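Written below as structure tokens is the structure these notes are about.
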Amino acid sequence: MHQKAYPILMYHSIADVPKDTIMRSLHVPPKRFILQMRLLKLIGYRAVSISELQHYIEGKKIGKVVGLTFDDGYRNNLINALPIIKKLGFSATIYIVSKNIGGINQWDIDKGLPAKKMMNEREINNWVDGGMEIGSHSQNHTNLTKCKTEIAFNEINQSKLDLEKKFNTPIHHFCYPYGNVNESIVSITKKAGYQTAVTTKRARATTSDNYLLLPRVKVTHHTLLHLFLLKILSNYEDKRRK
């Protein structure tokens, strides 16, 4: 029997940036994001949070949905993405770096990327109050496969506890920083009590996937509408699964 495939869209920053910006691909222009969301609605799809998508991946629900995720917690997600998500009746999950709330993207600065503000506590509460979901992206955006086991444990486990306490909401979902993960990290993530964890591996998610190693569909500055449709409606991304 053919398995239903569900795209989990991966975004970072939703912002206009200069053409010479390093790794410009991380920044999707707001107008393009709005067009992408409206296109989803036009073709009968609904974007949903990971908690809701989980029911579809597990086969408990059937429908035309995509997962909508944002990594890192950029303030521009609240300003430029939330209004259209709410307007269309969609939902989304944003993965927060728990010790970097209200800070900037420190992990990118040494690569020459521009500093971008992260949501502060009040803004994250606004995100949640808007019907959206938060997940964990570790404490410090640490490369979990290159640090000591005890550090990785704290990054994964304590970030969950910190976010749950600060925002009074359950944290069931994790996002591996840089997409870097191995068997040991998956084991720690499972023991921490997460129900799902997303990677940067390319493909649409299916029931046969390990829920702690879910692939995603990357949406970048260069994802024009025709490519956006290909990524969702065809096996374009599935062929890139490794």
Practice prompt. Using a Förster distance of 35 angstrom, determine the FRET efficiency expected from the C-beta separation of residue 87 and residue 150, and round it to 0.05.
Written response: 0.20
Worksheet, complete the sentence: The alpha-carbon center of the stretch 7-41 and that of the stretch 141-184 are separated, in whole Å, by 26 Å
Practice prompt. Net charge near residue 99: determine it from the other residues with C-beta under 14 Å of the C-beta of residue 99, scoring Lys and Arg +1 and Asp and Glu -1.
Written response: -1
Response to the item:
With all protein chains in place and a 1.4 Å probe, residue 51 shows an accessible area in Å² (nearest 10) of 30 Å²
Worksheet item: Residue by residue through the stretch 100-115, which ³J(HN,Hα) values in whole Hz follow from phi under the Karplus form 6.51 cos²θ - 1.76 cosθ + 1.60 (θ = phi - 60°), with glycine and proline marked x?
Response: 10, 5, x, x, 10, 6, 4, 5, 9, 4, 5, 8, x, 6, x, 6
Response to the item:
For the stretch 135-233, listing trypsin sites (Lys or Arg not before Pro) in a DSSP loop whose Cβ sees at most 16 other Cβ atoms within 10 Å gives 148
Fill in: Efficiency of FRET from Cβ geometry, residue 161 and residue 109, R₀ 30 Å, rounded to 0.05
0.65
Item to complete: Alpha carbons only, please: Rg and Dmax for the chain, in angstrom.
Response: 16.7, 48
Practice prompt. Provide, as a two-decimal number, the C-alpha radius of gyration of the stretch 64-120 over 2.2 N^0.38 Å, N being how many residues it has.
Written response: 1.26
Practice prompt. Determine one quarter of the surface area of the Cα convex hull of the stretch 128-178, which equals its mean projected area, and express it in nm² to one decimal.
Written response: 3.6 nm²
Discussion item. What is the distance in Å between the Cα centroid of the stretch 79-100 and that of the stretch 185-202?
Written reply: 21 Å
Discussion item. Amide H of residue 201 versus every other amide H placed in the peptide plane: which residues, excluding those fewer than 5 positions away on the same chain, fall under 5 Å?
Written reply: 216
Worksheet item: For the chain, modelled as a Gaussian network with Cα springs under 10 Å, which listed residue fluctuates most, 29, 177, 215?
Response: 29
Discussion item. Using only alpha-carbon positions, what ratio does the radius of gyration of the stretch 168-242 give when scaled by 2.2 N^0.38 Å?
Written reply: 1.23
Discussion item. On a full-extension model of 0.36 nm per residue, what is the gain between residue 129 and residue 60, subtracting their alpha-carbon distance, rounded to one decimal in nm?
Written reply: 22.2 nm
Worksheet item: With every protein chain in place, what's the accessible area of residue 239 (1.4 Å probe, Å², nearest 10)?
Response: 140 Å²
Worksheet item: residue 184 versus residue 222, label points 7 Å from Cα toward the beta carbon: distance in nm?
Response: 3.4 nm
Response to the item:
Taking r as the C-beta separation of residue 210 and residue 99 and R0 as 25 Å, the FRET efficiency to the nearest 0.05 is 0.35
Item to complete: Could I get the Rg over Rh figure for the stretch 71-213? Both from C-alpha atoms, Rh via Kirkwood, rounded to two places.
Response: 0.95
Response to the item:
Quick numbers on the stretch 1-144, Rg and Dmax over C-alpha atoms in Å, give 15.6, 48
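The values are calculated or read from the model by the stated rules, or taken from the named source; none is laboratory data. Since we're looking at a predicted model, the values are computed, not measured. So basically every Cβ, Gly included, is an ideal-geometry build from the backbone, and we count neighbours across all protein chains shown. Ligands, DNA and RNA are excluded from the accessible area calculation, which covers all protein heavy atoms including side chains. Shrake-Rupley method; radii C 1.70, N 1.55, O 1.52, S 1.80 Å.
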